[in-house]
Amino acid sequence: MEHRLVTHIEKALGWDGPGSVGTAFARGRLTDPDLVSRLMTPHRLLDLIKRRHLANPQLRCYAGGDEVHPSLFLSTNVNRRRQAVSQADMAALGRILAGGGTVVLDHVDFFDPTLEVACRALGWWSGELTSANAYLAVGDTDGFHLHWDDHEVIAVQLSGEKSWEVRGPSRRAPMYRDAERNREPSEEVLWKGTMRAGDVMHIPRGFWHTATRLGSGDAGHSLHVTFGFTKRTGVTWVNFLSDAARADEAFRVDLDSNLNNVLDDTVHEDLVHKLTALARSYSPRGYLEELRASTPPARHTPHVPALGAPQAVAAVTEFAPVIARDGGTVQVSAGGKRLTFHQRAEPSLRALLSGHPVRLNGADDDLITLANLLISEGLCETLTDVSSSAYTGLVTPVTFSNRPST
């Protein structure tokens, strides 16, 4: 999938592909001034919050550097069927912002189609699960205290400005669940300055950072979005092996814990050999390939034939589908599915699973049948006016006036 955001992030940070994610701090500026407002605006964010059922901690507020209690900005409404739903109290939210506060919405891509597609494009590009958080701050307000994240971050300033300080790591490759605490900030200041609309910054896992609007004046604001990349580690590979081991009865039986008996060394040596063989059969590379092929899409619109034929479709897998020719067939591995097609379908499959929206007006019956099959398998979805808008001007559509040549 060729997405403008991915292309411009690479240019801004001087990267040639995703290999630099997590390697070093970097910052730059997007060369397309219209791109940031296309992703999200303050009013769009508030309108999105208004229309959703939200709860803490997904929706959080801060004032004076401290987190605001959820009861002060969330309300529970009871509908006529006496069903209780949690919603933002928009008047209270407005007062917090107007008084110099910050509103944070985690996983904003779950609600906004434009950021959903942007995260999918970044996931296909990086090979890692990607999500987005939005931060709206108004006036002269403090931000989060100096901290580090357990994932890689690309921050994009969408409007207004915010001051940042980024420091190096104090522990190499720290984890959320780790062998020891990582509480002592590094003294190495890598950059201290102001992010303005269009600026982009990459903060690797474990690098300490803080952001604030203190001293910026009461009239201004800041809106930035952070794209988080949850990269796999050796620990997650070992966890995968642990789950894979459950298929073998030898790993499921009890270990001898009776200290009065002599342990059966033969049985225990057998477990060591089996674990070694399992690790070799699922190497770290094989694990990553299996993970990306087997991860199902987070969600998709189902195909209901009675609702009419789709006018446009797009792939919705978390990672780029793998399409490989095998003799006279084509194998597709994606979204937890492994499908086999005749080799004649390869051009159409590559278009439908490209991540680009495919318009079906004028397409022949075979291609439409293939599109319906991919929708029913959960690899593609029918695009509506709203979901199509997430691609407009960001991802080039594919149009078929006739069947692609084979």
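Since every read-out is calculated from the coordinates, none of them should be taken as a lab result. Since this is a predicted model, take the numbers as computed values, not measurements. Cβ: placed from backbone, ideal geometry, glycine included. Neighbour counts: every protein chain shown.
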task: Above 42 angstrom, tally the Cα pairs of the chain and express them as a % of all pairs, no decimals.
output: 24
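Using only the alpha carbon atoms of segment 4-230, find the Kirkwood hydrodynamic radius as the inverse mean reciprocal pair distance, in angstroms to one decimal.
So the Kirkwood estimate lands at 18.2 Å.
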Mean Cβ neighbour count within 10 Å, used as a protection proxy, ranking 153-164, 30-41 highest first: 153-164, 30-41
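Given only helices, namely DSSP H runs of n ≥ 4 each adding -39500 (n - 2.57), what is the per-residue ellipticity at 222 nm of the chain, to the nearest 500 deg cm²/dmol?
When only DSSP H runs of four or more count, the value is -8000 deg cm²/dmol.
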message: From Cα pairs below 8 angstrom and at least 6 apart in sequence, can you work out the relative contact order of segment 129-262, rounded to a whole percent?
response: 41
- line: When the charge dipole of segment 4-230 is computed with +1 at the Cβ of Lys and Arg and -1 at the Cβ of Asp and Glu, the Cα pointing farthest to the positive end, of Val189, Pro174, Leu54, is that of Leu54
query: In square nanometres, what is one fourth of the surface area of the convex hull spanned by the alpha carbons of segment 305-399?
result: 6.1
- line: Of 233-244, 195-206, 377-388, ordering from highest average Cβ density within 10 Å down gives 195-206, 377-388, 233-244
- request: Sort Tyr287, Tyr176 so that the residue with the fewest other Cβ atoms within 10 Å of its own Cβ comes first and the one with the most comes last.
  value: Tyr176, Tyr287
message: Tell me which of Val68, Ile323, Gly234 sits at the most positive position along the dipole axis of the chain, charges placed on C-beta atoms (Lys, Arg +1; Asp, Glu -1).
response: Val68
- prompt: Working out 0.36 nm times the residue gap between Lys50 and Asp365, then minus their Cα-Cα distance, what length gain in nm do you get to one decimal?
  reply: 109.2 nm
- prompt: According to a simple spin-label model (label point 7 Å from Cα along Cα-to-Cβ), what is the distance in nm between Asn239 and Lys11?
  reply: 3.8
- line: Farthest towards the positive end of the dipole of segment 266-406, among Ser283, Pro347, Thr369 and with Cβ unit charges of +1 on Lys and Arg and -1 on Asp and Glu, lies the Cα of Ser283
query: What are the extents of the Cα atoms of segment 234-291 along their three principal axes, listed from largest to smallest and rounded to whole Å?
result: 45, 19, 15
query: Listed highest first by mean packing, meaning other Cβ atoms within 10 Å per residue, what order do 177-183, 220-226 come in?
result: 220-226, 177-183
- request: With +1 on each Lys and Arg Cβ and -1 on each Asp and Glu Cβ, and nothing else charged, work out how big the dipole of the chain is about its Cα centre, in Debye to the nearest 20.
  value: 1020
- request: Quick one: divide the alpha-carbon radius of gyration of segment 23-149 by 2.2 N^0.38 Å and tell me what you get.
  value: 1.19
